[in-house]
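The values are calculated or read from the model by the stated rules, or taken from the named source; none is laboratory data. Remember, predicted model here, so these are calculated numbers, not experimental data. Because the Cβ atoms are built from the backbone with ideal geometry, glycine has one as well, and the counts that use them run over all protein chains shown. The area values use the complete protein model at the heavy-atom level, side chains included, leaving out ligands, DNA and RNA. Shrake-Rupley method; radii C 1.70, N 1.55, O 1.52, S 1.80 Å.
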Amino acid sequence: VSSGQFHTCGVTTGGAACCWGLNKYGELGSVTPHDSSAVPVAVSGGMTFASVSTGYYFTCGLSAGGSAYCWGMNWYGELGDGSTTSTSTPVAVAGGLTLATVSSGAAHTCGLTTGGAAYCWGDNTAGSLGNGSTSYSTTPVAVAGSFTFASVSARGGHVCGVRTGGAIYCWGLNATGELGNGNTTNSPTPVRMVRR
């Protein structure tokens, strides 16, 4: 299961995705958007998922074959399909990437390829896509630095990744020191966490 701002989604043992809670922008994946649900509802389309990750008002899921699909709010391109059109039906993330994992923040998502390369899409106001800019992207962009990551976690307006050697690098919003690099300056590229 994965909990967003006001909704939660999970995957059954058979790979069916279901969600519950707020459905203001179609984040439950229900064919009847704007109707919140106090019980789990099936995500439309009948797709099979290996995992799901919820953002504030959207959700992304990963198929067993490594294809990413997203649904819900898409004001900043957080669905990754090349548009800014919100939808209650899963849409394929553009680019044809094969991903091992996805993790969604407030209005952005990052994923790792099977080789450990990080790609992100969506809101980039604070540099949360890690590509050196602050312009949002409706399709996946590579995180700067050519790092190889073992895992990545997106939350709020920032992202942190663990490199295969164990070093932690973070990027994006840093208003309260969430990047762990000893200051409170946002970073649009990965910066290494300071160890005490």
Next on the checklist: Would you confirm whether or not the stretch 178-191 contains a residue that is free of Cβ contacts under 8 Å to residues at least 40 places away in the same chain and in contact with an Asp or Glu (Cβ under 8 Å, 6 or more places away or on another chain)?
Outcome noted: no
Checklist entry - Would it be correct to say that T184 is surrounded by fewer than 23 Cβ atoms within 10 Å (Cβ to Cβ) and touching a strand residue (DSSP E or B) at 6+ places or on another chain (Cβ under 9 Å)? => result no
Next on the checklist: Regarding the stretch 128-135, can at least one residue be identified that is touching a His at 6+ places or on another chain (Cβ under 6 Å), open to solvent by less than 50 Å² (accessible area, probe 1.4 Å), assigned to a loop (DSSP other than H, G, I, E, B) and of a type outside the set (A, V, I, L, M, F, W, C)?
Outcome noted: yes
Item to check | Matching entry among G161, G115, G95 (being under 25 Å from F49 (Cα atoms) and in a strand (DSSP E or B)) | outcome: G161
Checklist entry - (1) surrounded by 16 or more Cβ atoms within 10 Å (Cβ to Cβ); (2) under 18 Å from G61 (Cα atoms); (3) free of Cβ contacts under 8 Å to residues at least 40 places away in the same chain; (4) among the hydroxyl-bearing types (S, T, Y): which one isn't true of S104, the others all being true? => result (3)
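Listed here are the residues, each with its yes/no results for (1) exposed (fewer than 15 other Cβ atoms within 10 Å of the Cβ); (2) assigned to a loop (DSSP other than H, G, I, E, B); (3) within 19 Å of the chain's Cα centre (by Cα).
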residue: T32; (1), (2), (3): yes, yes, no
residue: P40; (1), (2), (3): no, no, no
residue: S44; (1), (2), (3): no, yes, no
residue: F49; (1), (2), (3): no, yes, yes
residue: S53; (1), (2), (3): no, no, yes
residue: G61; (1), (2), (3): no, no, yes
residue: G66; (1), (2), (3): no, yes, yes
residue: Y69; (1), (2), (3): no, no, yes
